[in-house]
1. Across region 42-56, which residue is modelled with the highest pLDDT among those that are over 16 Å from residue 13 (Cα atoms) and surrounded by 20 or more Cβ atoms within 10 Å (Cβ to Cβ)?
2. I'd like to verify a number: residues in region 115-134 that are exposed (fewer than 14 other Cβ atoms within 10 Å of the Cβ) and of a type in the set (Ser, Thr, Tyr), how many?
3. Please identify the pairs in which a residue from region 111-134 that is on the phi > 0 side of the Ramachandran plot has its Cβ atom under 6 Å from the Cβ atom of a residue that is in a loop (DSSP other than H, G, I, E, B) and open to solvent by 30 Å² or more (accessible area, probe 1.4 Å), counting only partners at least 6 apart or on another chain.
4. Pairs under 6 Å by beta carbon, first residue assigned to a strand (DSSP E or B) in region 14-37, partner exposed (fewer than 11 other Cβ atoms within 10 Å of the Cβ), six or more apart or different chains?
5. Any idea which residue in region 1-29 is surrounded by the most Cβ atoms within 10 Å (Cβ to Cβ), counting only those that are in contact with a helix residue (DSSP H, G or I) (Cβ under 9 Å, 6 or more places away or on another chain) and among the polar types (S, T, N, Q)?
6. If you take the residues in region 67-93 that are of a type in the set (Ser, Thr, Tyr) and at pLDDT 95 or above, which one is surrounded by the fewest Cβ atoms within 10 Å (Cβ to Cβ)?
Amino acid sequence: MSPVKATAVVAGLTSAGFKCGTDEAYALCTSGAASVSILNGDHPRPPVVSVNASGPADAAAAEIAKVLPKVLEIAHISQPQDITSWFGAQKGKSTAEMTAGDWLVSYAAETDTEEPGVHLTVTDKLCKTACQAE
């Protein structure tokens with residue numbers, strides 16, 4: 001898939017019915033209980049796309065699962081079916097990682113914290129500068 005800039009990802013998510021705004025270094029788009037954070041910048045493609053949901057792990061994962069295929073498609077992240085299937089297999093785990101093409105996919109479920117939830121972060125392994133928020 002051809003690279004797509006962060007602004008195009010935000011525009012695509014907005015077109016798909018997400019409500020988007022910015023929070024310092026990230027664009028933040030929400031749909032239902034799921035939120036998507038996209039690292040802003042002039043990279044050829046967003047270095048970080050993170051999908052999060054709060055609440056008990058099973059419920060939070062279900063909210064992410066509802067939007068994950070669309071988010072991966074709009075962000076032009078390779079191997080979306082592999083990532084979606086892998087995400088579904090993480091139930092009951094606290095953390096896990098996989099590689100999909102030149103993307104690193106990280107899963108984390110927080111259960112015994114003040115703000116329980118599930119986080120799926122996709123990081124561009126090809127990014128060399130300004131790849132994380134300051």
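The values are calculated or read from the model by the stated rules, or taken from the named source; none is laboratory data. These numbers were taken from a predicted model, which means no experiment stands behind them. Cβ: placed from backbone, ideal geometry, glycine included. Neighbour counts: every protein chain shown. Protein only, heavy atoms only, side chains kept; ligands, DNA and RNA dropped before computing areas. Shrake-Rupley method; radii C 1.70, N 1.55, O 1.52, S 1.80 Å.
1. 53
2. Residues that pass the stated criteria total 1.
3. Qualifying pairs under 6 Å: 130/41.
4. Close Cβ pairs satisfying both conditions: 28/21.
5. Going through the qualifying residues, I end up with 22.
6. Step one: filter region 67-93 for residues of a type in the set (Ser, Thr, Tyr), giving 78, 84-85.
Retained after the next criterion (residues that are at pLDDT 95 or above): 84-85.
Values: 84: 16, 85: 10.
So the residue we want is 85.
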